Amino acid sequence: FDAGDGTGEPPPPPEEEDEGDFRVPQASGRYVYAANETTDRVAVINAETLTIEVVSVSRGPTWVQPIPGQAADVGAVLVLSPQSDEATFVRTTSSGANSIELRGVAEGANALAPSPDGAFVIAYNDADLPAAPVGSVQEITVLDTAEDGPSYSLSVGPHPRAIRFSPDSSRAYVITDAGVDIVELDDIENVTKPTFVDVLADEATDPATIEIQVSAATGQALSRVDEETSIVVTDLASGAQTILELPGFPTDVDVSKDGSFALAVLPSKNGSSLVEIPLPVASESDFNVVSLGDVYVGVAQLSDAGDTALLYTTVDPWDLDGEVAPDGDPRARMSVVHRNGGAWDGQQTIFTEIPIRSAGISPDSNNALLLHAAAPELNADAPWPYTLVDLAAAVPLRKVHQVEAKPQSVLFTPDGTRAAVSIRNDEGTVRQVDLVTLNNFIVDSLTLGSPPQGLGHVEPTDKIFISQDHASGRITFVSADGTVQTATGFELNDGVKD
């Protein structure tokens, strides 16, 4: 069977990438904002003093979105309440005084996206999140974040999935199942219908098979379709398309944080490849293929700096075909490549023994943390391992740490010196957070009074915070020196425990 990629192989199976949970407290300035969907209130916690104020917001708050650009001693967030089709601005002064401002949003909106400069926040219905019971999935609301600022209602394409902003915040790109809608924020008061740009080669393509990425810095969109070897690059200003015919089937496409290039992964039983696509694309041959040798990978995790990529797979195509992989389970190894002068080299393969389910890279690109599938055969009492990997070493050091329950989420501090891993089980008997010092991989396990719910970081105080499942509200703060403080009872506004 020849699928058209020149290898005689059928298209590879789709990868399974983990998605994060958005329903956790958020920090703005030195304040942490925790919403309670049941009581319709938001607790505002000063991370320095642990003083707490509780404010009422619209019914059923879920998403707390910090507004970029706040000073260290003040805070500002927008709290979305899908049940009431409203969002509430909560602003906190340096003295701790809070003010609220209600705004209407599109019926059915379940997500928020802020512009980099904090001047606007867009409320929309993200097709990949739990849907609101009513409303149109094609309506968005652009909210001016100034006090008593205006709001603008617009219609976009079906099933929005993400919003990207140009670096100067003048333009928003709404990625939908059909293509990309462009919202001119600099002229928002005159926008009636956003400009729609088709980014697919075939309009009849099943939306479930499409991946669309946007480089907001260069104004280009890249679209990939399962079981097709081409990537379509669309100039969002002109609508002109360039089709890149790749020597294999891409299963993952990622755009670097600065938008200067994209990476595509071409998995193959005969040896996978990495494709770098310089942006903006100028011609059909504007890409570079890097052979990865006899490895099977289908997912790329790219560092924030764009200088390191972790390549792995979440599927075993041999097993799906009723075969045995010649070099062991491909899910139990990872390739690390580094970008030097625009070229990818220094490939290193790390054998993990246990299948990888997701991976993350610290902000300084020096370390990685891999989450694995359960491995009771290694340790029946602690069947869930994760692996710490030193990416800066000539030979990557890896350290396996085993825990009693499935790790839920991972947080890296912005300076890349620390990490936190939340761990819990359904019974609530395992409730801990592992605090990792990344320069020596020492792990300190912190047992919590309640199961961990989410992780965050307060930059002005350099504290990690851990929200927990607790009837009256509980958040634990961990300082850089290891000092632990817990605020309890803020849902009732009746208690603080140091």
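The values are calculated or read from the model by the stated rules, or taken from the named source; none is laboratory data. Everything quoted here is computed from the prediction, not taken from an experiment. FYI the Cβ positions are ideal-geometry reconstructions off the backbone, even for glycines, and counts take in every protein chain you see. The area values use the complete protein model at the heavy-atom level, side chains included, leaving out ligands, DNA and RNA. Shrake-Rupley method; radii C 1.70, N 1.55, O 1.52, S 1.80 Å.
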ask   = In the neighborhood of Pro383, defined by Cβ-to-Cβ distances under 12 Å, what is the net charge if each Lys or Arg adds +1 and each Asp or Glu adds -1?
value = -2
request  = In debye, nearest 20, what is the charge dipole magnitude of the chain about its Cα centre with +1 on Lys and Arg Cβ and -1 on Asp and Glu Cβ, if you could check?
outcome  = 1540 debye
note = Taking every C-alpha to C-alpha distance in the chain and binning by 20 Å from 0, the per-bin percentages run 22, 54, 24, 0
task = Report the accessible area of Ile100, computed with a 1.4 Å probe over the heavy atoms of all protein chains in place, in Å² rounded to the nearest 10.
result = 90 Å²
inquiry  = Given the whole protein assembly as supplied and a 1.4 Å probe, what does the accessible area of Asp304 come to in Å², nearest 10?
reply    = 80 Å²
ask   = For segment 385-498, what is the charge dipole size about the Cα centre, in debye to the nearest 20, if Lys and Arg each add +1 at the Cβ and Asp and Glu each add -1 at the Cβ?
value = 260 debye
request  = On the protein heavy atoms, probe 1.4 angstrom, tell me the percent of accessible surface of segment 135-210 carried by carbon and sulfur.
outcome  = 43 percent
query = Counting only heavy atoms of protein chains, what accessible area per residue, in Å², does the chain have with a probe of 1.4 Å?
reply = 41 Å²
query = How do Lys463, Lys193 rank by accessible surface area computed with a 1.4 Å probe, from largest to smallest?
reply = Lys193, Lys463
ask   = Given labels modelled 7 Å from the Cα in the Cβ direction, how far is it in nm from Asn288 to Ala325?
value = 2.8 nm
ask   = Put Ser283, Ser58 in order of accessible area, largest first, 1.4 Å probe: what do you get?
value = Ser283, Ser58
ask   = When only C-alpha pairs under 8 Å and at least 6 residues apart count, what is the relative contact order of the chain, in percent?
value = 9 percent
query = So, in nm, how far is label Ser153 from label Ser238 when the simple model puts each one 7 Å beyond its Cα toward the Cβ?
reply = 3.8 nm
query = Tell me, what % of the accessible area of segment 27-79 is carbon and sulfur with a 1.4 angstrom probe?
reply = 43 percent
task = For segment 414-498, with all protein chains present and a 1.4 Å probe, just round the carbon and sulfur fraction of the accessible area to a whole percent.
result = 44 percent
query = Between Phe165 and residues 5 or more places away or on another chain, which pairs have amide H atoms under 5 Å apart, with H built 1.01 Å from N, and which residues are they?
reply = Tyr173
ask   = Going by accessible area, probe 1.4 Å, with all protein chains left in place, what is the ranking of Leu455, Leu310, largest first?
value = Leu455, Leu310
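Give me the net charge for the shell around Thr145: Cβ to Cβ below 12 angstrom, other residues only, Lys and Arg +1, Asp and Glu -1.
-3
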inquiry  = Please report the spacing between the Cα centers of segment 234-265 and segment 426-441 in Å, no decimals.
reply    = 38 Å
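Regarding segment 346-415, what's the average projected area of the Cα-atom convex hull, expressed in nm²?
Computing the convex hull of the Cα atoms and averaging its projections yields 4.9 nm².
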